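Shown next, in structure tokens, is the structure this report addresses.
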Amino acid sequence: MDRQRLIVIVFIVVSFLGFLDASYLTIEHYQNATLPCVIFKGCEQVTTSAYSKVFGLPLALYGAAYYLFMLIISVFYFDTKNEPAFKILKYVPVTGFLASAYFVYLQLFVIHALCTYCVISAITSTTLFILSFFLTYLGSQVDISGQRT
Amino acid sequence: MENNQNLSKKELYEINRVAKKNAAETAAKKKRAKSAIIWSVVGLLVVGSVFGLIILANRSSDPGPSPIITTAVSPDDLTVGNKDSKNILIEYSDFQCPACKAYHPLVKQLIKEHGQEFLFVYRHFPLPQHAQAKPAAYASEAAANQGKFWEMHDMIFDKQTDWAEKGNADEIFRKYAEALKLDMTKYDEDISLPAIENKVSDQYKSGVANFVNSTPTFFLNGKKIQPRSYEDFVKLIQEANG
């Protein structure tokens, strides 16, 4: 159980980092309209590409919402040990992971530019996905011990 | 204990029940307090960090001590404004850079309203990741050879999204040249002149020598400035005027 608690804490921290990253990009988007173009870096190319918006809103905003949601759910689970919340922690990070994988693909093979903030987001969402694996594994362990007692 | 013995079973049961109830209530209270603390901390962290990020993104970034660059305006330089002014505003810019496009109207307005107070110099800094930045620079220089650099410059920036991602940007620039009623025979000759290519690459090198690593980069009288708005520009120009 303690290990599960630890993983949930890491989950909370990583969600928070992802939230910070995506929020920063969102705020930059709305405040500065454009990031300056830095030599050999492609952030402005990525954040102004046709792929950077979905339904008129910047992708970074969806990212921030996703991480905030995961943050709230993980804190909620940490606080209440609520079973449906646990299911969300186990199964939702795969969507974040797939979305990130698609965005990295777009950056590498379609836009031909990598944005640091987007790469950080890919790392955090992948970490959440890996953590969700651990939760699934530990979760089933707890279930078994629960049946035995 | 003796008292307990005197109590009936029913009374004992009642005492136990109340004790259990109290214990449960205390536990529930503790749990509520713990939840309240957890959620307050998380709430404060989230709200606080969003405010922090807004300030971070909005701060009038301090350029810090920057090297004083050579302000020497070469005869080759593309200038507009007051040639006799002691104030020289140099922009290192990339036609394909969205941030340069975003600054374009500010600079245009500044020249229109305060053009007597400074000389504006435009220098090419086509970034390697922008495939069409160099062709755009060449097109603007070909127009410059016919005295229409600023018209071409405006057109290229205004229509940036029309050509930035296209493979046939060259043809699009040619259409702009036609629209500006340039002599197209001369334009077609000039566009591939080594002189133009060299000029653009020399300006790029001068930017690198002056520690330019992003666009747009502005220098006012040799000092790097980072204006975030039109008002910032006006303030900086007025400060320079003393």
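None of the figures in this text is laboratory data; all of them are computed from the coordinates on show. On a predicted model such as this, the values are computed, not experimentally measured, just so you know. A quick note on method: Cβ atoms are made from the backbone with ideal geometry, for glycine too, and the neighbour counts reach across all protein chains shown.
Worth a mention:
- What separates the Cα centres of the range A:57-136 and the range B:131-147 is a distance of 44 Å.
- Among the chymotrypsin sites (Phe, Trp or Tyr not before Pro) in the range B:123-218, those placed in a DSSP loop whose Cβ has at most 13 other Cβ atoms within 10 Å are B:Phe211.
- Extreme residue, positive dipole direction of the protein assembly as shown, given options B:Gly81, B:Asn22, A:His29 (C-beta unit charges): B:Asn22
- With a Förster radius of 51 Å applied to the C-beta separation of B:Val18 and B:Leu44, the computed FRET efficiency comes to 0.85.
- Neighbourhood charge, 11 Å Cβ-Cβ cut-off, centred on B:Val212 and excluding it, Lys, Arg +1 and Asp, Glu -1: +1
- Farthest positive-ward along chain B dipole, Cα basis, beta-carbon charges - from B:Leu110, B:Leu7, B:Phe120: B:Leu7
- Compared with the direct C-alpha span, the chain from A:Tyr102 to A:Leu114 gains 3.0 nm at full extension, assuming 0.36 nm per residue.
- Net charge of the neighbourhood of B:Pro135, taken over other residues with C-beta under 15 Å away and scored Lys/Arg +1, Asp/Glu -1, is -3.
- Taking the Cα centre of the range B:128-210 as origin and assigning +1 to Lys and Arg Cβ atoms and -1 to Asp and Glu Cβ atoms, the resulting dipole is close to 140 debye.
- Greater than 29 Å apart at Cα, pairs in B:Lys101/B:Lys205; A:Lys53/A:Lys81; B:Lys101/B:Lys181; A:Lys87/B:Lys20; B:Lys175/B:Lys235: A:Lys53/A:Lys81; A:Lys87/B:Lys20; B:Lys175/B:Lys235
- Estimated from the Cβ-Cβ distance and a Förster radius of 51 angstrom, the FRET efficiency linking B:Glu178 and B:Ala36 is about 0.15.
- Share antiparallel - DSSP beta bridges, the protein assembly as shown, percent rounded to 5: 70 percent
- Cβ-placed point charges (K, R +1; D, E -1), dipole of the range B:2-58 about Cα centre in debye, nearest 20: 160 debye
- Longest DSSP-loop-exposure-free segment, trypsin sites (Lys or Arg not before Pro), chain B, at most 13 other Cβ within 10 Å: B:87-165
- Note on B:Lys235 and B:Thr185: the model spin-label points, each 7 Å out from Cα along the C-beta direction, lie 5.4 nm apart.
- Antiparallel DSSP beta bridges within chain B, as percent of all bridges there, nearest 5: 65 percent
- GNM result for chain B, Cα springs below 10 Å: residue of B:Ala19, B:Ala102, B:Ala209 fluctuating most strongly: B:Ala19
- Net charge dipole size for the protein assembly as shown [Lys, Arg +1 and Asp, Glu -1 on Cβ; Debye, nearest 20]: 2360 debye
- Positive-end extreme of charge dipole, the protein assembly as shown - chosen from B:Phe149, A:Leu89, A:Leu17 (charges on Cβ): A:Leu89
- Under a Gaussian network description of chain B, with springs only between Cα atoms under 10 Å, the residue in B:Asn16, B:Asn210, B:Asn198 that fluctuates furthest is B:Asn16.
- Within the listed set B:Ile88, B:Ile54, B:Ile172, the Gaussian network model of chain B (springs between alpha-carbon atoms below 10 Å) gives the highest mean-square fluctuation for B:Ile54.
- Cut-off 17 Å (backbone N to label point 7 Å along Cα→Cβ of B:Val73), residues of the range B:205-242: B:218-223, B:237-238, B:240-241
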